[in-house]
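The values are calculated or read from the model by the stated rules, or taken from the named source; none is laboratory data. The structure displayed is predicted, hence computed values, not measured ones. Cβ atoms come from the backbone with ideal geometry, glycine included; neighbour counts cover every protein chain shown. To get the accessible areas, we keep the full protein, side chains included, count just its heavy atoms, and leave off ligands, DNA and RNA. Shrake-Rupley method; radii C 1.70, N 1.55, O 1.52, S 1.80 Å.
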Amino acid sequence: MILYPAIDIAEGKAVRLVQGDFDAQTVYADSPLEAARAWVDAGARYLHIVDLDGARHGAPQNLHELERVVAELGVPVQYGGGLRSVQAVADAIAAGASRAILGTAAFADVDFLDDVVGRFGERIVVSVDTRGGFVSTSGWTETTELPAGAVIDRMQDRGVRTFVFTNVDRDGLLGGPDLDEIREVAAVVRGRFMYSGGIGRREDLAALAALRQVNLSGVIVGKALYEGRFTIAEGQAALAGVAAGDGSSGAPAP
């Protein structure tokens, strides 16, 4: 499993929100590149960037930040936020994104989803975000009556093979994941998925590794890393099932 440090960009800064609330925002770095460099210097092998400005405006606003991170640090980056047209996805990939993460548009516009999956294949990732067990859309401001499993099945039938699953109710609260929920998601996903939401301790990562779900390919972590609750190396070791203190950072290539 891969540890993905999260870098959320708002107004040119690296921030974290609580449960997607823009009014509950903490600035952790004045520059996204500064935040990214810190994680890479600490041993991160992959980055997860979300353009919060893009999510609010409906089109990417920080592709220049993506370009800087990829050009200067040379690590693979998955990028989401405002990718609601084929051109926006193409622009993100041209700017250096190894994967493009789709949100609401993937559910709302079947033709768009078919177009980007047909054009970019496995570089397309769909983010399935839930509140109370049901899929949340529009920047987590609206909740549907669709359970996550049904949405994942629908996306898979259209060729999507990689997902990000986020429990919005837990996001930013550091209370740990719902392991039963993750088992349920794993039972539905035929490709692979990454988990996000509520990771607060390295023990949370160890618990995810202990599930031994072969299709759970990674974990996205933000606030816990920024607040120093564990290091990149400690997180990678936990996901690799390595006991604390043996010095291993084992994380496979994405």
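Miscellaneous remarks
- Long-range neighbours under 6 Å by Cβ, at least six apart or interchain, first residue open to solvent by 40 Å² or more (accessible area, probe 1.4 Å) within segment 134-151, second modelled with pLDDT of 80 or more and part of a loop (DSSP other than H, G, I, E, B): Trp140/Val168
- If you check Ala35, Ala44, Ala6 for being of a type in the set (A, V, I, L, M, F, W, C), part of a strand (DSSP E or B) and at pLDDT 90 or above, only one passes: Ala6.
- Only residues that are modelled with pLDDT under 95, buried (at least 22 other Cβ atoms within 10 Å of the Cβ) and of a type outside the set (A, V, I, L, M) were counted across segment 52-69, and they come to 1.
- Filter result (under 18 Å from the mean Cα position of the chain (by Cα) and in a helix (DSSP H, G or I)) within segment 98-110: Thr104, Ala105, Ala106, Phe107
- Scan segment 70-81 for residues that are at pLDDT 95 or above, open to solvent by 10 Å² or more (accessible area, probe 1.4 Å) and in contact with a strand residue (DSSP E or B) (Cβ under 9 Å, 6 or more places away or on another chain) and the total you get is 4.
- Index of the failed condition, Asp157 passing every other in (1) in contact with a helix residue (DSSP H, G or I) (Cβ under 9 Å, 6 or more places away or on another chain); (2) modelled with pLDDT of 95 or more; (3) charged (D, E, K, R): (1)
Here's the yes/no breakdown for (1) in a strand (DSSP E or B); (2) aromatic (Phe, Trp, Tyr):
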{"position": "Ile93", "(1), (2)": "no, no"}
{"position": "Gly96", "(1), (2)": "no, no"}
{"position": "Phe112", "(1), (2)": "no, yes"}
{"position": "Glu122", "(1), (2)": "no, no"}
{"position": "Thr130", "(1), (2)": "yes, no"}
{"position": "Ser136", "(1), (2)": "yes, no"}
{"position": "Val164", "(1), (2)": "yes, no"}
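- Of all residues in segment 152-171, those satisfying the criterion of being open to solvent by 50 Å² or more (accessible area, probe 1.4 Å) and more than 16 Å from the chain's Cα centre (by Cα) are Asp153, Arg154, Asp157, Arg158.
- Subset of segment 82-96 that is within 25 Å of Asp41 (Cα to Cα) and touching a helix residue (DSSP H, G or I) at 6+ places or on another chain (Cβ under 6 Å) - its residue that is most open to solvent (accessible area, probe 1.4 Å): Gly96
- The C-beta contact set for segment 43-72 (first residue touching a residue at least 12 places away in the same chain (Cβ under 8 Å) and β-branched (Val, Ile, Thr), second residue surrounded by fewer than 20 Cβ atoms within 10 Å (Cβ to Cβ) and outside any helix (DSSP H, G or I), distance under 6 angstrom, 6+ apart or interchain) comprises Val70/Gly96.
- The residues on offer are Ser85, Ser136, and the sole one that is modelled with pLDDT under 95, over 14 Å from the mean Cα position of the chain (by Cα) and polar (S, T, N, Q) is Ser136.
- Where a residue in segment 1-14 is open to solvent by 20 Å² or more (accessible area, probe 1.4 Å) and its partner, wherever it lies, is hydroxyl-bearing (Ser, Thr, Tyr), with Cβ under 9 Å and at least six apart: Met1/Ser217; Gly12/Ser31; Lys13/Tyr28; Lys13/Ser31
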